[in-house]
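Worksheet: one structure, shown below.
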Amino acid sequence: MAKNEKTSKNAWFVYYLRCADNSLYAGITTDLTRRLIEHNTCNKLGAKYTRVRRPVCLVYAEHQENRQLASKREYQLKKLSKVKKEALVNDFDLATFDSDKK
């Protein structure tokens, strides 16, 4: 990630991680870089799901204005079919993602 994902306290992100078994994991965070490191290295802070599916990499992210909206969007993303999730990920360009967007 070329840009600094650390943003203001009010900035939230919804994200998908691609796991080593090719599954997708959805989550929310205020700091994408920190969270990705936690998923890949920390057994206490990384999600139980991703701990046994390492390494994981960021494949999708979107900005939300607050935690409530991020949680609602995460719920929506988790309910998508595998085909729709993959389409969303395939259409996403991480290189142009502006994580500093407020």
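In the calculated pair distance distribution of region 12-95, what percentage of Cα-Cα distances lie above 20 Å?
Cα-Cα pairs of region 12-95 separated by over 20 Å account for 29 percent.
With +1 on each Lys and Arg Cβ and -1 on each Asp and Glu Cβ, and nothing else charged, work out how big the dipole of region 1-96 is about its Cα centre, in Debye to the nearest 20. Don't skip to the answer; put the middle values down first.
Working: 19 positive and 10 negative charges, 87 e Å.
With only Lys, Arg, Asp and Glu charged at Cβ, the dipole is about 420 debye.
If I stretch the segment between residue 89 and residue 45 completely, what's the gain in nm (0.36 nm per residue apart, minus their alpha carbon distance), one decimal?
Working: separation 44, 0.36 × 44 = 15.84 nm, distance 2.46 nm.
So the extension gain works out to 13.4 nm.
GluC sites (Glu not before Pro), restricted to region 54-102: which are DSSP loop and have at most 11 other Cβ atoms within 10 Å?
On the way: sites: 62, 65, 74, 86; in loops: 65.
Sparse-neighbourhood loop GluC sites (Glu not before Pro): 65.
Counting other Cβ atoms within 10 Å, which chymotrypsin sites (Phe, Trp or Tyr not before Pro) in region 37-102 have at most 16 and lie in a DSSP loop?
Details: sites: 49, 60, 75, 92, 97; in loops: 92, 97.
Passing both the DSSP loop test and the Cβ count: 92.
Quick note: the coordinates plus some simple rules give every number you see, no bench work behind them. Note that this is a predicted model, so its numbers are computed, not measured. FYI the Cβ positions are ideal-geometry reconstructions off the backbone, even for glycines, and counts take in every protein chain you see.
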